[in-house]
Every structure is written in C-alpha cells, then in structure tokens.
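Structure first, commentary second.
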Amino acid sequence: MRRPLVAGNWKMHGSRAENARLIEALVEASDTATCEVVVCPPCVYLWEIGRQLKDSTIALGSQDVCAEAQGAFTGEVSAAMLKDVGCSYALVGHSERRALYREDDALVARKFVAAQAGGLTPILCVGETLEERERGVTEEVVGRQLDAVLALAGVAAFGRALIAYEPVWAIGTGKTATPEQAQDVHRFIRDRIVARDATIGGAVRLLYGGSVKAANAAELFAKPDVDGGLVGGASLKADEFVRICAAAA
Ligand code: PEP
C-alpha cells in the first residue's frame with residue numbers, strides 16, 4: 001500500500017505574514033490528515049516555516065536544489081543547506097525550471113543525485129508540452145526525462161524518491177488532464193521502473209500535478225497509479241489545499 005502524499009508548490013508567492021496565516025491553518029487541519037503533506041515555499045522562508053512546522057506532521061520541501069555540493073556557485077543553495085534548515089524533500093526538474101532556466105535532462109539528473117546525497121528525498125517532475133502531446137510523443141518525452149535520471153542515479157535511487165507527472169499544458173492553466181490521461185502516463189512511468197526493478201517500481205509514489213483543485217482531486221486520486229498530487233495555485237488557499245489533502249487520504 002502506497003501512502004498518499006500531497007505537496008504544495010508555492011512558487012514565488014507569499015510573505016512572512018501570509019505564510020504564517022497559511023501555515024497556521026494547515027497545521028490546525030493536519031491533525032486529521034491521513035495523507036503525507038509537504039509544503040514547498042520560496043527558499044528564503046524555509047527556516048522560519050520549518051520552525052512553525054516543528055511539532056506538526058507537515059514536512060518541508062524546497063522548490064529546487066543546486067547540482068553541486070558546495071563552492072563558488074553564487075546564488076545557489078545546496079541540498080545539505082536545505083536539509084540544515086529543515087527540508088526533507090526537494091522538487092527537481094519542475095517544468096518552469098526546465099523551460100525558463102534551461103535545465104536539461106542531464107542537469108535535472110545531477111540535481112536528483114545531489115538532493116539524495118544531501119539527505120533529501122527528490123520529487124522528480126516530468127511532463128510533456130501541449131505541442132508534444134498533440135504530436136503523440138508524450139511517452140517518448142516522459143521516458144527520456146526518466147531515463148536520464150535512471151542512467152545517472154540507478155533504479156535503486158527510486159526507492160528514496162517520488163515522481164510527479166505534470167503535463168506542462170495543465171500547469172497554472174486551469175486545464176487538468178482527465179483522470180484517464182493521468183492514469184495512462186502514470187502507468188507508463190511505473191512500468192518503466194518496474195521493468196528495471198519490480199519491487200521499487202511497485203512502491204514508488206507517483207504524484208499528478210497540473211491545475212489540481214478540490215473539485216477535481218478525488219477523481220484524479222482515485223486512479224490506481226495516482227498516489228497524490230503536486231499542487232501549485234491551489235496550495236496557496238488553506239481551505240482548498242486542506243480539501244485536496246482530504247481527497248488523497
Ligand atoms: C505546479 O506548480 O507544479 C503546478 C502543478 O501548478 P498548478 O497546480 O497551479 O497548475
């Protein structure tokens with residue numbers, strides 16, 4: 001049985017005051033949550049939010065991580081530093097990082113390895129653009145993104161990682177993949193890991209991301225290979241996020 005997990009990616013939103021209100025509401029609701037909950041605020045707020053989450057069951061994640069362990073990399077933050085301020089998880093390869101900051105499959109794979117080396121659990125984001133879906137190459141694209149990490153990290157590394165399928169055309173657009181579309185790609189991802197190691201493939205948790213809302217979460221999470229969600233916009237509204245977590249649990 002895979003324990004469901006819902007992660008909130010706050011992207012570049014929030015302030016100390018807004019964060020405190022949001023966290024207070026989430027902590028209050030977390031007593032009843034039976035799924036694992038992770039929040040990924042902007043890096044600069046991690047330490048403070050980590051302290052606010054100290055006695056709660058909510059885990060802390062970063063939105064990105066440097067591929068290097070330390071050194072002359074101005075502006076970057078290492079996995080060990082993120083761990084030091086209370087993070088347990090790190091998103092790697094979010095589509096905004098891939099598209100806006102030119103992160104290619106090789107760099108994403110290095111970030112995945114660096115996250116684990118620094119003691120974090122990576123949440124590897126994969127997904128196709130609308131143009132790629134319309135060309136019928138979704139599996140080719142997602143397979144290539146996965147294989148880059150499998151080649152560098154090895155299949156055993158997926159025993160300590162999650163994968164988030166996030167079709168780029170569904171992120172922040174209000175267009176959600178149908179539960180069947182999500183399930184098809186999730187099945188494809190799981191089969192790809194199972195082909196290398198059946199136990200790890202069967203156990204790895206696969207999250208769906210892309211305009212998840214309270215109104216569509218339950219039907220997405222009901223699919224057999226959808227083990228929870230990676231939620232952007234809706235994770236900034238406490239009520240909405242709590243309802244999404246309840247749908248996963
Ligand atoms: C995301 O940022 O990963 C995401 C899925 O965003 P949204 O839920 O807003 O589509």
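The values are calculated or read from the model by the stated rules, or taken from the named source; none is laboratory data. These numbers were taken from a predicted model, which means no experiment stands behind them. Note: ideal-geometry Cβ built from the backbone for every residue, glycine included; neighbour counts use all protein chains shown. Please note that ligands, DNA and RNA were not included when accessible areas were found on the heavy atoms of the full protein model with its side chains. Shrake-Rupley method; radii C 1.70, N 1.55, O 1.52, S 1.80 Å.
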Show me 228-234, 203-209, 13-19, 153-159 ranked by packing, highest mean number of other Cβ atoms within 10 Å first.
228-234, 203-209, 153-159, 13-19
Based on the Kirkwood radius over alpha-carbon pairs, what is the Stokes-Einstein translational diffusion coefficient of the stretch 65-155 at 37 °C with 0.692 mPa s viscosity, in µm²/s?
240 µm²/s
How would Arg51, Arg110, Arg97 line up by accessible area, probe 1.4 Å, largest first?
Arg51, Arg110, Arg97
Given the C-alpha centroids of the stretch 189-205 and the stretch 151-184, what is the distance between them in whole angstrom?
14 Å
Quote the FRET efficiency, to the nearest 0.05, computed for Glu48 versus Asp147 with a Förster distance R0 of 45 Å and r equal to the Cβ-Cβ distance.
0.70
Which residue, Leu150, Leu91, Leu124, tops the fluctuation ranking in a GNM of the chain built on C-alpha contacts under 10 Å?
Leu150
Under a no-solvent Debye model with one identical scatterer per Cα of the chain, what's log10 I(q)/I(0) at q = 0.08, 0.11, 0.16 Å⁻¹?
-0.27, -0.52, -1.17
About its Cα centre, how strong a charge dipole does the chain have in debye, to the nearest 20, once Lys and Arg get +1 and Asp and Glu get -1 at the Cβ?
260 debye
Using θ = phi - 60° and the Karplus relation 6.51 cos²θ - 1.76 cosθ + 1.60, list the HN-Hα couplings for the stretch 128-137 in order, rounded to whole Hz, with x at every Gly or Pro.
9, 7, 4, 4, 5, 4, 5, 7, x, 10
Full-stretch length increase - Ala25, Val194 - with 0.36 nm per residue and alpha-carbon distance subtracted:
57.0 nm
On the accessible surface of the stretch 40-138, probed at 1.4 Å with all protein chains in place, carbon and sulfur together account for a percent value of 52 percent
At 222 nm, what helix-only mean residue ellipticity would the chain give, in deg cm²/dmol to the nearest 500, using -39500 (n - 2.57) for each DSSP H run of four or more?
-13000 deg cm²/dmol
Under a GNM of the chain (C-alpha, springs under 10 Å), which listed residue has the highest mean-square fluctuation: Ala218, Ala161, Ala72?
Ala72
Just the number please: accessible area per residue for the stretch 5-248, 1.4 Å probe, all protein chains included, in Å².
44 Å²
Set of lysines near Lys83 by C-alpha distance (under 29 Å), chain-local residues within fewer than 8 positions excluded:
Lys11, Lys54, Lys111, Lys237
Simple label model, 7 Å out from Cα along Cβ direction - Thr178 to Met1, nm:
3.1 nm
One finds, for Ala203 and Ala249 with R0 = 25 angstrom and r their Cβ-Cβ distance, a FRET efficiency to the nearest 0.05 of 0.85
Which far-off residues, 5 or more places away or on another chain, put their amide H under 5 Å from the one on Val38, with H placed in the peptide plane?
Val6, Ala7, Gly8, Ala59
Using only alpha carbon pairs under 8 Å that are at least six residues apart, calculate the relative contact order of the stretch 1-140 and give it in whole percent.
20 percent
The summed charge of the Val77 Cβ neighbourhood (under 12 Å; Lys/Arg +1, Asp/Glu -1) stands at -2
GNM on the chain, C-alpha springs below 10 Å: top fluctuator among Val65, Val137, Val38?
Val137
